[in-house]
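Read through the structure below, which is laid out as structure tokens, and then see the notes.
The values are calculated or read from the model by the stated rules, or taken from the named source; none is laboratory data. Quantities reported herein were computed from a predicted structural model and do not represent experimental measurements. Using ideal geometry, Cβ is built from the backbone for each residue, glycine included, and neighbour counts are taken over all protein chains shown.
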């Protein structure tokens, strides 16, 4: 253990110096970046993420970036090998699976390619990558639940619409609510997964309405499900939003959702930040200058928006999509 | 002799009732109703209220069932025909709904993702979606009919690619339509307290009924499904007929797409109509139709679709985790498929006969 | 056991519900001979083979094999294989995606050891010794059908088989491939293998066989040395008509061949994808004619070409003197032609549909997609023909599959009569149905002809054809070889023409 750690320190030191010298060699040249991401068609989040990366890693900003997309680990590993052969300076990676990356990252290291993980982390030794930029789903959930706690409702009767069970987002967002509800004695009248789907959410909320159970909060783990829930409420003429009967909470900060928030139809939307490129660029800038990073794991700053405080500027800045 | 004929008569009476295929969904429906009646009679309660737009609306579990089961019922119409003619199922309908829904949204929004006014009449958007969905249906049908690929394998292509195509149609964006009239199709028409999807399903059923009555589609489809060679020798073109059923299914898909996107005025191509293909196939099976093709009963399939929704709503009501829903459905499928297997049927009828004969002969012995 | 016998079957009985498939059949196979097993369809050839190979159990009788004391028990194909009996079927039952060597050795690896090198070299030896033009490592699917068949035989031979059964091996081979196969068969004969050869090509029997066993209606007709049984005799034995008692059946048909009139249907150089030689054909109003020939002679393929049931590749067709195109069945139906197919189950009934739907099907299709018959009308049609043809069915709604064979046939006949054809083709309408119904159908044919319908009638039973047809077209080996009318319509003439060859 100790030996490897010492070794890795030495190695990173060596790498840093080589990077420095390399840097000096090609001062005015573009920085070659290979980016491996999941398919942008996967979700609106991913589309925004991809657009953000494309907007940052441009020729104008001094980058020569190439993109590869796949939702399959083996294809991604293949792409990574190719990037290493192409002699890229940085390999940016959002891995499909946690496992299986050791070998290729070791190859990268040997070839002097610096690896930065974004959005998703992997099961590999920390020494194999420079940094890992992640969303803290637990924190997202905590921020939201803290906001809900702050509403000081006389009673809490919550419909909890979960995402696909077992996904990182679901675990983090459900965990926070479960914990606080248990501590403070909130009633969860319904807890069911709508698998991120608006229609399923609509049906679930409909079934609660049909069974005449009272509720005053809908905690949906993404914007789509919140939208489905609202459709069911509208049908039953149950008012929702700021100062109304039912509090609506969503996640992901789609632009359309933030507009609902701005209009007062919803109450809260938690951010899951897809705009990671600025963080990545910061890291690359630092590394190019030869600086050291304080932390390998970099948690992005993620906000929660309250309908009462959100501004048009927020909608434009933080809203995903158009 | 006389005893034997009596016996045979009894047997045929029982078996003719058991053989009538609509008995299967009806029995399932009764069973579910009975369960709900015992567990919580308020399940059947229907109340009249107003929605946020001020329209009168009925609400209650039964209304939810006829509302949410409608897409499935419409889909079951096409799936029944496809199953009967080609002896296989189209598993790409969910993806195809995503495509046709995206097309509708795309046409309505034009280049703007959040238009204040519709860029095209809804009917135009719907007709374009129909054409697109029928084209994809024709693609599936051509693979099955011309190239004789197994339907499930052939439709696997679109099943895999469909949602990406849907995403591409809207440039990966999530457009939202704010026009009030667009919500009618998945919601309520002003002044009418019963959900529109039910009327659309009813209309589809009536059209199908009329088509089956005023054309020879039913006879042709069944003939092709039962004995393709004979159908050919009787002047039919099996290839064309199979193709036609897939195109008709495409039409059903477009209608479902309209309802689905109208429900929430937007589309999420990755989750819309997810797993609906399995429910549609289950509806056909629950209707007592053989999944290997041949004879079909349209009413039984449609009833089967509503039974599935009945099951879903019941499970929601009793707080069954919705990721466990598919497990319950899987149990239903297993039971149905096993029961409809010829060898099992043979054994069952042998068992019935045995029970009868033993019941008759014991006194003699 | 007899001397030199490698296989003996004594007094074999086998019955299926309603059918006595084999009754007291004896069969003797010598070492080193090629023995033809002959008989028309339903004679019991395939049942006998299936009993021998353990596919069916026998009801009574004994099977002896050389080297076994006492009768052997064969309960499964595996037993048969272990006893040295191998079968090569018409449809090749090998795995096309495996290599030749794998196909030869698959499923019989002793223990789990498989050395590819060893296997391939063994296969190579075997293939060279049998002169089979295939490489051990070649994928089977890349070989011609004939070579695939030979590989199947090689597999059988390598299993130390002493009895080799070849069930219609030549039906999908061309002449040069047949020659290759025969060379292999003769080679095996030299090695002392007893070969049972099932075929319906008479020429091939006389080319390669040593002895012949003839079955008819599940009974043994006899066992003959090939030299002692001229072709015409063989045909008469297969058909069950001794030449002696072929007192000509008087042909008292109404003479309806209006020679000068325009033929109802006329074809020149008609040919389809099913491998028949182009032929000319015509039929006039009120005429009943027939295609005769042994099974596989191409008689069915000919009428299928007339109806457009197979893909027609060439030929000029005129209906009532007007040139027309008949490319598919609906074309033929529109020109007033109806065709009752040979295989009732496969090409005739729509099993799960009701008697009513089965009866109206053809007329409905002819009538068009947008003009369905009302239920009442359909029932009326169905009732009318159920009465006319005396179809025994519980109701018009009974699934046709639950009717007896004869009644199924009548339902299909009703279907075509309902279309009121000018020209009706009946391919084996009387096969597998009871005698009473047979006579009814023959009478009906004559009645329809008297009313002006033209009918082509095909039957394996020559006397049926003699009773109904005024003109017979004789086919042999997929070629039209003769046309018999008037005085020529006798059993002996027909048999001579069917047999062809030196005895004609």
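Let's see how each residue does on (1) at pLDDT below 85; (2) in a loop (DSSP other than H, G, I, E, B); (3) buried (at least 20 other Cβ atoms within 10 Å of the Cβ); (4) in the same structural domain as residue C:53 (by TED's automatic domain parsing):
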residue: C:112; (1), (2), (3), (4): yes, yes, no, yes
residue: C:119; (1), (2), (3), (4): yes, no, no, yes
residue: C:137; (1), (2), (3), (4): no, yes, no, yes
residue: C:169; (1), (2), (3), (4): yes, yes, yes, yes
residue: C:182; (1), (2), (3), (4): no, no, no, yes
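Here's the yes/no breakdown for (1) touching a residue at least 40 places away in the same chain (Cβ under 8 Å); (2) touching a strand residue (DSSP E or B) at 6+ places or on another chain (Cβ under 8 Å); (3) within 20 Å of residue C:140 (Cα to Cα):
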site	(1), (2), (3)
C:161	yes, yes, no
C:174	no, no, yes
C:179	no, no, no
C:182	no, no, no
C:185	yes, yes, no
C:195	yes, yes, no
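Being surrounded by fewer than 24 Cβ atoms within 10 Å (Cβ to Cβ), within 30 Å of residue C:333 (Cβ to Cβ) and either at pLDDT 95 or above or more than 9 Å from every other protein chain (Cβ to nearest Cβ) (or both) narrows it down to one of B:247, B:276, so name that one.
B:247
How many residues are more than 7 Å from every other protein chain (Cβ to nearest Cβ), outside any loop (DSSP other than H, G, I, E, B) and out of contact with any strand residue (DSSP E or B) (no Cβ under 7 Å at 6 or more places or on another chain) when one looks only at region C:352-377?
10
Looking only at region A:240-268, which residues are in a strand (DSSP E or B) and either outside the structural domain of residue A:157 (by TED's automatic domain parsing) or over 30 Å from residue A:55 (Cα atoms) (or both)?
Selection gives A:240, A:246, A:247, A:248, A:249.
May I ask you to say which residue of A:96, A:65 is within 21 Å of residue A:47 (Cα to Cα), within 25 Å of the chain's Cα centre (by Cα) and in a strand (DSSP E or B)?
None of the other options fit; the residue is A:65.
Every residue in region B:153-196 that is closer than 15 Å to residue B:258 by Cβ and away from chain A (no Cβ under 14 Å), please.
Scanning region B:153-196 gives B:179, B:181.
Please go through region C:404-424 and give me each residue that is part of a loop (DSSP other than H, G, I, E, B) and either out of contact with any helix residue (DSSP H, G or I) (no Cβ under 7 Å at 6 or more places or on another chain) or surrounded by fewer than 21 Cβ atoms within 10 Å (Cβ to Cβ) (or both), ordered by number.
Hits for region C:404-424 are C:404, C:420, C:421, C:422.
Evaluate the following for residue A:287: is it touching a strand residue (DSSP E or B) at 6+ places or on another chain (Cβ under 9 Å) and either away from chain B (no Cβ under 14 Å) or in a strand (DSSP E or B) (or both)?
yes
Taking region A:18-44 on its own, how many of its residues are at pLDDT 75 or above, out of contact with any strand residue (DSSP E or B) (no Cβ under 6 Å at 6 or more places or on another chain) and more than 10 Å from chain B (Cβ to nearest Cβ)?
Matching residues across region A:18-44 total 2.
Suppose the filter is within 14 Å of another protein chain (Cβ to nearest Cβ) and surrounded by fewer than 18 Cβ atoms within 10 Å (Cβ to Cβ); does residue A:212 pass it? Break it down into steps so the answer makes sense when it comes.
Values: within 14 Å of another protein chain (Cβ to nearest Cβ): yes; surrounded by fewer than 18 Cβ atoms within 10 Å (Cβ to Cβ): yes.
Considered against the rule, which asks whether it is within 14 Å of another protein chain (Cβ to nearest Cβ) and surrounded by fewer than 18 Cβ atoms within 10 Å (Cβ to Cβ), residue A:212 comes out as yes.
Could you list, in sequence order, all residues of region C:42-66 that are in contact (Cβ under 8 Å) with a residue 60 or more places away in the chain and closer than 18 Å to residue C:161 by Cα?
Within region C:42-66, the first condition is being in contact (Cβ under 8 Å) with a residue 60 or more places away in the chain, and the residues that meet it are C:42-49, C:52-53, C:64-66.
Result: C:49, C:52, C:53, C:64, C:65, C:66.
Within region B:232-243, take every residue that is more than 7 Å from chain C (Cβ to nearest Cβ) and assigned to a helix (DSSP H, G or I) and give me the one that is surrounded by the fewest Cβ atoms within 10 Å (Cβ to Cβ).
Here is the first cut: in region B:232-243, the ones more than 7 Å from chain C (Cβ to nearest Cβ) are B:237-243.
Next cut, assigned to a helix (DSSP H, G or I) only: B:238-243.
Details: B:238: 20, B:239: 17, B:240: 12, B:241: 23, B:242: 29, B:243: 22.
Checking each candidate, the answer is B:240.
With respect to residue B:229, is the statement that it is in a helix (DSSP H, G or I), surrounded by fewer than 24 Cβ atoms within 10 Å (Cβ to Cβ) and within 14 Å of chain C (Cβ to nearest Cβ) true?
yes
Here are some residues: A:298, A:310, A:280, A:247. Which one is more than 22 Å from the chain's Cα centre (by Cα) and buried (at least 18 other Cβ atoms within 10 Å of the Cβ)?
Result of the check over A:298, A:310, A:280, A:247: A:247.
Looking only at residues that are outside any loop (DSSP other than H, G, I, E, B) and touching a helix residue (DSSP H, G or I) at 6+ places or on another chain (Cβ under 7 Å) in region A:69-92, which one is surrounded by the fewest Cβ atoms within 10 Å (Cβ to Cβ)?
If we take residues in region A:69-92 being outside any loop (DSSP other than H, G, I, E, B) and touching a helix residue (DSSP H, G or I) at 6+ places or on another chain (Cβ under 7 Å), then A:81 is surrounded by the fewest Cβ atoms within 10 Å (Cβ to Cβ).
Specify the residue that is surrounded by the most Cβ atoms within 10 Å (Cβ to Cβ); the eligible residues are those in region B:31-40 that are within 14 Å of chain A (Cβ to nearest Cβ) and farther than 11 Å from residue A:211 by Cα.
B:36
Out of (1) facing chain B (nearest Cβ under 10 Å); (2) modelled with pLDDT of 90 or more; (3) assigned to a loop (DSSP other than H, G, I, E, B), what's the single condition that is false for residue A:237?
Just one mismatch for residue A:237, condition (2).
Test of understanding: among B:245, B:266, which residue is over 24 Å from residue B:113 (Cα atoms) and over 13 Å from the mean Cα position of the chain (by Cα)?
None of the others qualify; the one that does is B:245.
Looking at region A:190-201, which of its residues are assigned to a helix (DSSP H, G or I) and at the interface with chain B (Cβ under 7 Å from one of its Cβ atoms)? So that I can check it myself, show each step before the final result.
Taking region A:190-201 and keeping what is assigned to a helix (DSSP H, G or I), we get A:198-201.
Listed by number, the residues that qualify are A:198, A:199, A:200.
Looking at C:238, C:150, which is the one that is in a helix (DSSP H, G or I) and touching a residue at least 60 places away in the same chain (Cβ under 8 Å)? Give the steps one after another, and end with the answer.
Details: C:150 fails: touching a residue at least 60 places away in the same chain (Cβ under 8 Å).
The conditions single out C:238.
Checking residue C:329 against (1) in contact with a helix residue (DSSP H, G or I) (Cβ under 8 Å, 6 or more places away or on another chain); (2) touching a residue at least 24 places away in the same chain (Cβ under 8 Å); (3) crowded, with 24+ Cβ neighbours inside 10 Å, only one condition comes out false. Which one?
Checking residue C:329 against (1) in contact with a helix residue (DSSP H, G or I) (Cβ under 8 Å, 6 or more places away or on another chain); (2) touching a residue at least 24 places away in the same chain (Cβ under 8 Å); (3) crowded, with 24+ Cβ neighbours inside 10 Å, the one that fails is (2).
Could you list all residues from region C:333-351 that are at the interface with chain B (Cβ under 7 Å from one of its Cβ atoms) and buried (at least 20 other Cβ atoms within 10 Å of the Cβ)?
First pass over region C:333-351, keeping only residues at the interface with chain B (Cβ under 7 Å from one of its Cβ atoms): C:333, C:339, C:341, C:346-351.
Those that are at the interface with chain B (Cβ under 7 Å from one of its Cβ atoms) and buried (at least 20 other Cβ atoms within 10 Å of the Cβ): C:333, C:339, C:341, C:347, C:348, C:349, C:350.
So, of the residues in region B:197-216 that are buried (at least 21 other Cβ atoms within 10 Å of the Cβ) and assigned to a helix (DSSP H, G or I), which turns out to be farthest from the other protein chains (Cβ to nearest Cβ)?
So, considering only residues that are buried (at least 21 other Cβ atoms within 10 Å of the Cβ) and assigned to a helix (DSSP H, G or I), the one farthest from the other protein chains (Cβ to nearest Cβ) is B:204.
So which residues in region A:229-249 are without any contact (Cβ under 8 Å) to a residue 60 or more places away in the chain and within 19 Å of residue B:176 (Cβ to Cβ)?
The answer is A:230, A:231, A:232, A:233, A:234, A:235, A:240, A:248.
If only one of B:133, B:73, B:85, B:98 is under 24 Å from residue B:206 (Cβ atoms), within 14 Å of another protein chain (Cβ to nearest Cβ) and touching a helix residue (DSSP H, G or I) at 6+ places or on another chain (Cβ under 7 Å), which one is it?
B:85
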